[in-house]
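Novice: First the structure, which I've put down as structure tokens, then a few questions once you've had a look.
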Amino acid sequence: MSVLFRRNQAHMLLLQRRNIVNMRSMHVSRVLLNVSASPLSGPSRAPQRMDRSKVKVTVDTELPEIHSRTPRLVLYYSIFFSIIAVISLGFFNYERQQSPLVASTMYYVRRSATARKLLGSGIKFRDSIPWIAGSLDFLHGDVDLAYKIIGSKGVPATLHFKSVRRHRGQPFEMAAWELTFEDGRVVDLLAEDDEKPLIAIDDDVKNAGK
């Protein structure tokens, strides 16, 4: 009786062990199945790179218009060269204004009896910044200048002085010494017996003209 009982007990233990092994194997197979189905495993679930050449890009805002810079550059350069030209003219006019010959002509026109009779006393430049027109080319023997003057009578006039040198080494000869009024009258001051402006050439200028 005891032997039979022991056999039954051993048989029951063996069945329990088999059930435990079967349950463990089923659990392992389920875990492996879940791992294989996970997106992090397997080469088929690897992330794919986006092909940028196939992506369509749309712009909702309008693109700005591109204007040519040529007209603007032409305007800037025109303004720049105009300013340079004005500055150059002002510089050359200042040089002529500071010339001793201009001061000499102003001195002698103030001493002229005819000029004082027509313009009055206190003869001076008409403008605060006078414009001296003409040329002062001592080297080539051509001096021709004119500028506006006015006296106490308030009558403006243009003083014109011209002197030329016929040949190198010779003195300058006065060709014009006159007043021109706004009404067209021209008064020749050469007919006066008063002193007249003369051009004295330095030795350096004489030597340069030879």
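Novice: What number of residues within the stretch 119-147 satisfy the criterion of being under 16 Å from L189 (Cα atoms) and surrounded by 15 or more Cβ atoms within 10 Å (Cβ to Cβ)? Reasoning before the result, please.
Specialist: Taking the stretch 119-147 and keeping what is under 16 Å from L189 (Cα atoms), we get 119-120, 123, 144-147.
Next cut, surrounded by 15 or more Cβ atoms within 10 Å (Cβ to Cβ) only: 119, 123, 144-147.
The number of residues fulfilling the criteria is 6.
Novice: Turning to a different aspect of this structure: Right, R110: closer than 25 Å to E178 by Cβ, surrounded by 14 or more Cβ atoms within 10 Å (Cβ to Cβ), basic (K, R) and touching a helix residue (DSSP H, G or I) at 6+ places or on another chain (Cβ under 9 Å) or not? Show your work before the answer.
Specialist: Values: closer than 25 Å to E178 by Cβ: yes; surrounded by 14 or more Cβ atoms within 10 Å (Cβ to Cβ): yes; basic (K, R): yes; touching a helix residue (DSSP H, G or I) at 6+ places or on another chain (Cβ under 9 Å): yes.
The answer is yes for R110.
Novice: Which of the residues that make up the stretch 78-128 are of a type in the set (A, V, I, L, M, F, W, C) and in contact with a Gly (Cβ under 9 Å, 6 or more places away or on another chain)?
Specialist: First pass over the stretch 78-128, keeping only residues of a type in the set (A, V, I, L, M, F, W, C): 79-81, 83-87, 89, 91-92, 101-103, 106, 109, 113, 115, 118-119, 123, 125.
Those that are of a type in the set (A, V, I, L, M, F, W, C) and in contact with a Gly (Cβ under 9 Å, 6 or more places away or on another chain): A115, L118, L119, I123.
Novice: If you don't mind, another one. Tally up the residues in the stretch 76-117 that are within 19 Å of I132 (Cβ to Cβ) and without any contact (Cβ under 8 Å) to a residue 12 or more places away in the chain, please.
Specialist: The qualifying residues number 13.
Novice: Cβ-Cβ under 8 Å, sequence separation 6+ or interchain: first residue in the stretch 171-193 and closer than 10 Å to L159 by Cβ, partner hydroxyl-bearing (S, T, Y) and in a loop (DSSP other than H, G, I, E, B). Which pairs?
Specialist: L189/S112
Novice: Tell me which residues, restricted to the stretch 125-168, are among the hydroxyl-bearing types (S, T, Y) and assigned to a loop (DSSP other than H, G, I, E, B). First the steps, then the outcome.
Specialist: Keep residues of the stretch 125-168 that are among the hydroxyl-bearing types (S, T, Y), which gives 128, 135, 147, 152, 158, 163.
Across the stretch 125-168, the qualifying residues are S128, S152.
Novice: Out of G169, G154, I need the residue that is surrounded by fewer than 13 Cβ atoms within 10 Å (Cβ to Cβ) and at pLDDT 90 or above. Which one? Step through it out loud before you land on a result.
Specialist: Details: G169 fails: at pLDDT 90 or above.
The conditions single out G154.
Novice: Let me ask another. Of the residues in the stretch 121-132, how many are out of contact with any Pro (no Cβ under 9 Å at 6 or more places or on another chain) and within 14 Å of F181 (Cα to Cα)?
Specialist: Of the residues in the stretch 121-132, 0 are out of contact with any Pro (no Cβ under 9 Å at 6 or more places or on another chain) and within 14 Å of F181 (Cα to Cα).
Novice: To continue, here is another question. Out of (1) in a loop (DSSP other than H, G, I, E, B); (2) aromatic (F, W, Y); (3) at pLDDT below 90, what's the single condition that is false for F92?
Specialist: Condition not satisfied by F92: (1).
Novice: Which condition number in (1) charged (D, E, K, R); (2) part of a strand (DSSP E or B); (3) crowded, with 17+ Cβ neighbours inside 10 Å is the one that R116 fails?
Specialist: With (1) charged (D, E, K, R); (2) part of a strand (DSSP E or B); (3) crowded, with 17+ Cβ neighbours inside 10 Å applied to R116, the lone miss is (2).
Novice: Looking at this structure, is V164 of a type outside the set (S, T, Y), under 45 Å from the mean Cα position of the chain (by Cα), within 20 Å of G134 (Cα to Cα) and at pLDDT 70 or above?
Specialist: On the way: of a type outside the set (S, T, Y): yes; under 45 Å from the mean Cα position of the chain (by Cα): yes; within 20 Å of G134 (Cα to Cα): yes; at pLDDT 70 or above: yes.
It is true that V164 is of a type outside the set (S, T, Y), under 45 Å from the mean Cα position of the chain (by Cα), within 20 Å of G134 (Cα to Cα) and at pLDDT 70 or above.
The values are calculated or read from the model by the stated rules, or taken from the named source; none is laboratory data. What you see is a predicted model, and the numbers here were worked out from it, not measured in a lab. Because the Cβ atoms are built from the backbone with ideal geometry, glycine has one as well, and the counts that use them run over all protein chains shown.
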